[in-house]
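Novice: Questions regarding the structure given below will be posed in turn.
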Amino acid sequence: MTKNILITGGAGYLGSILAPELLALGHKVTVVDGFGGDVPSLATSCANDRFTPIRGDARNKVLMEKLITKADVIIPLAALVGAPLCARDEIATMTTNFEAIKMIVDLISPNQMLLYPTTNSGYGVGETGKFCTEDTPLRPISLYGKTKVDAEAAVLDSGNGITYRLATVFGMAPKMRIDLLVNDFTYRAVADKALVIFEGHFKRNYIHIRDVTRAFIHGIRNYQDMNNQAYNVGLSDANLSKLELCERIKLQLPKFTFLESSIGEDPDKRDYIVSNAKLESTGFRPQWGIDRGIAELIKGYEMLNIRRFTNV
């Protein structure tokens, strides 16, 4: 059944994959975005009569109220993403990452669907050897993590919304981000063939951007059963340390050399392993493993002007 889907920030890294996929399924898609920069990430979608781009700000209540009344599904992707970017502009972070989401929560009706992407960065520093589940206390250690956790609470407290605690996303997209860990390490392996690691034992979970898109589609199709719950979204076989990730990259790029420095530390102290069993119990299974994603990135880096694709 065709749905009217509203995506804020839909021209970014996630949206540049998600919006075309939703259009391909026959849905009507409206994207609100500032469309900054010189990367026309949704250019090919303009040929589709069911696509509507709107240059605007997701914090604009007058605009959002008008658009939300026409939507069956709202997917708020607009956000300042990552600890470094959020630290540079705390006001924009609060108004975009939390206040805009709270506004959407207050505007939607019970017969509308809300699917909100948060982050498993909210787990902060986990307990050694213990998986973080959706019941694990959230202890964010950055403004980015705190605003996303607060926004998730607003969604769940409303009684209407699915929240996805995304693992560290990787993979190629029309609006690329190189600063994400797998994307970054693979680029350094391709371009520099060498990398110095700080605190290489720190672990995280990972998920391919196309599987994130599939998780949203899965949520739309199973909304009634999944509603008002949080779900970790990641690869169950990819709770990897930085050093383990480098080993996986080296399998495909044998000339890649990496070493762990005994001096210095990583300012990003996130360290946790995650269980994705709850989402898997709904029938969802990722299709893109780490190795397949690394192979994709290696090909992609043959084409990209890397400096255009960072958010800081």
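Novice: For the range 60-110, name all the residues that are farther than 17 Å from residue 155 by Cβ and of a type in the set (Lys, Arg).
Specialist: Once the filter is applied, which keeps residues that are farther than 17 Å from residue 155 by Cβ and of a type in the set (Lys, Arg), the range 60-110 yields 61, 66, 70, 88.
Novice: Can you find a residue in the range 224-244 that is modelled with pLDDT of 95 or more, in contact with a helix residue (DSSP H, G or I) (Cβ under 6 Å, 6 or more places away or on another chain), farther than 26 Å from residue 15 by Cβ and buried (at least 22 other Cβ atoms within 10 Å of the Cβ)?
Specialist: No, because not a single residue in the range 224-244 is modelled with pLDDT of 95 or more, in contact with a helix residue (DSSP H, G or I) (Cβ under 6 Å, 6 or more places away or on another chain), farther than 26 Å from residue 15 by Cβ and buried (at least 22 other Cβ atoms within 10 Å of the Cβ).
Novice: Scan the range 112-130 and report the pairs whose first residue is within 30 Å of residue 65 (Cα to Cα) and whose second residue is β-branched (Val, Ile, Thr) and outside any helix (DSSP H, G or I), with Cβ atoms within less than 6 Å and a gap of 6+ or a chain change.
Specialist: Here the result reads 113/73; 114/74; 114/108; 115/75; 115/162; 116/163; 118/163; 120/274, each pair linking the range 112-130 to a residue that is β-branched (Val, Ile, Thr) and outside any helix (DSSP H, G or I).
Novice: I've got another one for you. May I ask you to verify whether residue 24 is over 19 Å from the mean Cα position of the chain (by Cα), crowded, with 16+ Cβ neighbours inside 10 Å, closer than 26 Å to residue 219 by Cα and small (Gly, Ala, Ser)?
Specialist: no
Novice: Still on this model: So in the range 131-143, with the set limited to residues that are in contact (Cβ under 8 Å) with a residue 24 or more places away in the chain and not hydrophobic (A, V, I, L, M, F, W, C), which one is nearest to residue 180 (Cα to Cα)?
Specialist: Among those residues, the one meeting the criterion is 142.
Novice: Next question, about the same structure. Determine whether residue 184 is over 19 Å from the mean Cα position of the chain (by Cα), over 14 Å from residue 120 (Cβ atoms) and surrounded by fewer than 22 Cβ atoms within 10 Å (Cβ to Cβ).
Specialist: Answer is no for this residue.
Novice: Within the range 196-218, how many residues turn out to be buried (at least 18 other Cβ atoms within 10 Å of the Cβ), over 20 Å from residue 82 (Cα atoms) and over 15 Å from the mean Cα position of the chain (by Cα)?
Specialist: 1
Novice: Can you tell me how many residues in the range 220-257 are touching a Phe, Trp or Tyr at 6+ places or on another chain (Cβ under 9 Å) and within 22 Å of residue 131 (Cβ to Cβ)?
Specialist: Residues meeting the conditions: 14.
Novice: In the range 272-295, which residues are acidic (Asp, Glu) and in contact with a helix residue (DSSP H, G or I) (Cβ under 9 Å, 6 or more places away or on another chain)?
Specialist: 291
Novice: Here's a check for you: in the range 144-179, which residue that is among the aliphatic types (A, V, I, L, M) and free of Cβ contacts under 8 Å to residues at least 60 places away in the same chain is farthest from residue 113 (Cα to Cα)?
Specialist: Residue satisfying both the conditions and the ranking: 149.
Novice: From 120, 205, which residue is touching a Cys at 6+ places or on another chain (Cβ under 9 Å) and modelled with pLDDT of 95 or more?
Specialist: That would be 205, the only listed residue that is touching a Cys at 6+ places or on another chain (Cβ under 9 Å) and modelled with pLDDT of 95 or more.
Novice: Just checking, how many residues over the range 154-206 are under 30 Å from residue 45 (Cα atoms), touching a helix residue (DSSP H, G or I) at 6+ places or on another chain (Cβ under 7 Å), of a type outside the set (Lys, Arg) and part of a loop (DSSP other than H, G, I, E, B)?
Specialist: 7
Novice: Would you check which residues across the range 260-312 are modelled with pLDDT of 95 or more, of a type in the set (A, V, I, L, M, F, W, C) and more than 18 Å from the chain's Cα centre (by Cα) and list them?
Specialist: Correct list: 277, 295, 298.
Novice: Sort out which residues of the range 1-26 are within 23 Å of residue 38 (Cα to Cα) and not aliphatic (A, V, I, L, M), and write them in order of number.
Specialist: Listed by number, the residues that qualify are 8, 9, 10, 12, 13, 15, 16, 20, 21.
Novice: Then there is this: For the range 207-239, which positions are of a type outside the set (Ser, Thr, Tyr), within 24 Å of residue 172 (Cβ to Cβ), assigned to a loop (DSSP other than H, G, I, E, B) and out of contact with any strand residue (DSSP E or B) (no Cβ under 7 Å at 6 or more places or on another chain)?
Specialist: Hit for the range 207-239 is 237, nothing else.
The values are calculated or read from the model by the stated rules, or taken from the named source; none is laboratory data. All of these numbers come straight from a predicted model, not from anything done at the bench. All Cβ positions, glycine included, derive from the backbone under ideal geometry; neighbour counts span all protein chains shown.
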